[in-house]
Amino acid sequence: MPPDVHASQASPPAPAETPDDAASKASGSDRAGAFPAVRYGRFGDADWYSTPAPVAYPAALAAMEARVGAILDGRAGDAVWLLEHPPLYTRGTSARADELLDPRFPVYAAGRGGRFTYHGPGQRVAYPILDLRHRGADVRAYVCRLEGWIIAALGRLGVQGERRAGRIGIWVETDGGEAKVAAIGVRVRRWISFHGIALNVDPNLDHFAGIVPCGLAGYPVTSLHRLGVVVSMAEIDRILAETFAETFGERRF
């Protein structure tokens with residue numbers, strides 16, 4: 001079985017969905033592993049879904065787990081889920097206690113590898129839940145394609161995103177030096193990927209101060225808004241969908 005992999009690490013917030021509400025939609029009556037979301041379209045040989053209201057983290061985990069099970073059972077296919085969370089921190093399996101500097105928001109065990117990350121309004125989260133058996137069966141290659149996807153999306157906005165050796169995520173050069181604009185964190189179970197990416201569109205960057213993001217002390221985070229790029233979440237979603245299709249292709253292999 002492939003190992004867990006951590007790379008790193010949104011419209012005005014509406015009332016957050018409770019874990020019980022979303023979990024009941026994600027399991028029980030929903031036998032196909034559908035999300036508490038509306039269908040967005042189909043890109044890169046995956047069905048896309050979008051949830052407009054912030055989704056509580058336990059509810060998101062329940063929905064992802066349900067979809068993974070449905071794919072393994074042959075009841076559903078690949079999917080990408082677009083959403084945002086209320087302010088919270090997630091803890092990966094390698095996180096150290098001293099990296100949680102100020103638990104001002106709820107902290108959740110993510111079940112993925114890696115360290116602490118922040119999620120909140122103004123951040124576009126995308127969870128690709130893909131059957132990697134039909135997409136190369138190579139976890140490192142999959143993470144590399146996620147990086148390429150984000151870089152391509154940023155390029156559409158005139159932002160040059162870059163990889164950094166030994167530092168997962170996508171980085172940009174700013175007047176104050178390099179900063180992370182997007183995080184990647186994935187888990188793979190029996191070759192089904194879940195969790196995904198988080199792109200900082202216009203979150204409250206002060207919220208990152210409660211943790212050492214991804215265990216990388218001394219490296220700041222930034223956002224598209226901080227970089228001078230003002231863009232709607234709807235436009236971000238369109239760009240993510242188009243560049244996902246380009247990066248992952250419309251056919252399985």
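The values are calculated or read from the model by the stated rules, or taken from the named source; none is laboratory data. Source: prediction; values computed, not measured. Positions of Cβ are backbone-derived with ideal geometry, glycine not excepted, and every protein chain shown enters the neighbour counts.
Does Val55 count as within 29 Å of Arg238 (Cβ to Cβ), among the aliphatic types (A, V, I, L, M), buried (at least 22 other Cβ atoms within 10 Å of the Cβ) and out of contact with any His (no Cβ under 8 Å at 6 or more places or on another chain)?
Working: within 29 Å of Arg238 (Cβ to Cβ): yes; among the aliphatic types (A, V, I, L, M): yes; buried (at least 22 other Cβ atoms within 10 Å of the Cβ): yes; out of contact with any His (no Cβ under 8 Å at 6 or more places or on another chain): no.
Judged against the criteria, Val55 is not a match.
Could you list, in sequence order, the residues of the range 63-97 that are touching a Phe, Trp or Tyr at 6+ places or on another chain (Cβ under 7 Å) and of a type in the set (A, V, I, L, M, F, W, C)?
Ala63, Met64, Val68, Ala79, Val80, Trp81, Leu82, Leu88, Ala95
If you scan the range 149-194, which residues turn out to be assigned to a helix (DSSP H, G or I) and buried (at least 23 other Cβ atoms within 10 Å of the Cβ)?
Filtering the range 149-194 for residues assigned to a helix (DSSP H, G or I) gives 149-156.
Those that are assigned to a helix (DSSP H, G or I) and buried (at least 23 other Cβ atoms within 10 Å of the Cβ): Trp149, Ile150, Ala153, Leu154.
Mind telling me which of the residues Ala241, Ala245, Ala209 ends up being farther than 26 Å from Arg104 by Cα, hydrophobic (A, V, I, L, M, F, W, C), assigned to a helix (DSSP H, G or I) and more than 16 Å from the chain's Cα centre (by Cα)? Don't jump to the end; show me each part of the working.
Working: Ala241 fails: more than 16 Å from the chain's Cα centre (by Cα); Ala209 fails: farther than 26 Å from Arg104 by Cα.
Answer to the check: Ala245.
How many residues does the range 110-136 hold that are at pLDDT below 95 and at positive phi?
3
For the range 104-136, enumerate the residues that are basic (Lys, Arg) and either within 14 Å of the chain's Cα centre (by Cα) or farther than 26 Å from Pro52 by Cα (or both). Show your work before the answer.
Here is the first cut: in the range 104-136, the ones basic (Lys, Arg) are 104, 112, 115, 124, 133, 135.
If the condition is that a residue be basic (Lys, Arg) and either within 14 Å of the chain's Cα centre (by Cα) or farther than 26 Å from Pro52 by Cα (or both), then Arg112, Arg115, Arg124, Arg133, Arg135 are the ones that fit.
Suppose we filter the range 217-228 for residues that are surrounded by 15 or more Cβ atoms within 10 Å (Cβ to Cβ) and part of a loop (DSSP other than H, G, I, E, B); how many remain?
Our first condition is that a residue be surrounded by 15 or more Cβ atoms within 10 Å (Cβ to Cβ); within the range 217-228, this holds for 219-227.
So of that shortlist, the ones also part of a loop (DSSP other than H, G, I, E, B) come out as 219-220, 222-227.
Count: 8.
Please state which one of Phe208, Phe248 is surrounded by 15 or more Cβ atoms within 10 Å (Cβ to Cβ) and farther than 22 Å from Asp78 by Cβ.
Working: Phe248 fails: farther than 22 Å from Asp78 by Cβ.
Criteria check complete, one pass: Phe208.
Any residue at all in the range 86-95 that's under 25 Å from Ile236 (Cα atoms), assigned to a helix (DSSP H, G or I), in contact with a Pro (Cβ under 7 Å, 6 or more places away or on another chain) and not polar (S, T, N, Q)?
Within the range 86-95, none of the residues are under 25 Å from Ile236 (Cα atoms), assigned to a helix (DSSP H, G or I), in contact with a Pro (Cβ under 7 Å, 6 or more places away or on another chain) and not polar (S, T, N, Q).
Looking at the range 27-58, which of the residues that are closer than 23 Å to Leu240 by Cα and out of contact with any Phe, Trp or Tyr (no Cβ under 8 Å at 6 or more places or on another chain) is modelled with the lowest pLDDT? Give the derivation first.
Within the range 27-58, the first condition is being closer than 23 Å to Leu240 by Cα, and the residues that meet it are 33-57.
Filter again for out of contact with any Phe, Trp or Tyr (no Cβ under 8 Å at 6 or more places or on another chain), leaving 33, 36, 47, 52-56.
On the way: Gly33: 78, Pro36: 88, Asp47: 96, Pro52: 95, Ala53: 96, Pro54: 97, Val55: 97, Ala56: 97.
Checked the range 27-58; the qualifying residue modelled with the lowest pLDDT is Gly33.
Is it the case, given these coordinates, that Arg189 is at pLDDT 95 or above and closer than 19 Å to Gly44 by Cβ?
Values: at pLDDT 95 or above: yes; closer than 19 Å to Gly44 by Cβ: no.
Judged against the criteria, Arg189 is not a match.
Go through the residues of the range 126-148 one by one and say whether even a single one is of a type in the set (A, V, I, L, M) and in a strand (DSSP E or B).
Step one: filter the range 126-148 for residues of a type in the set (A, V, I, L, M), giving 126, 129-130, 132, 137, 139, 141, 143, 146.
Filter again for in a strand (DSSP E or B), leaving 126, 129.
Taking every residue of the range 126-148 in turn, at least one turns out to be of a type in the set (A, V, I, L, M) and in a strand (DSSP E or B).
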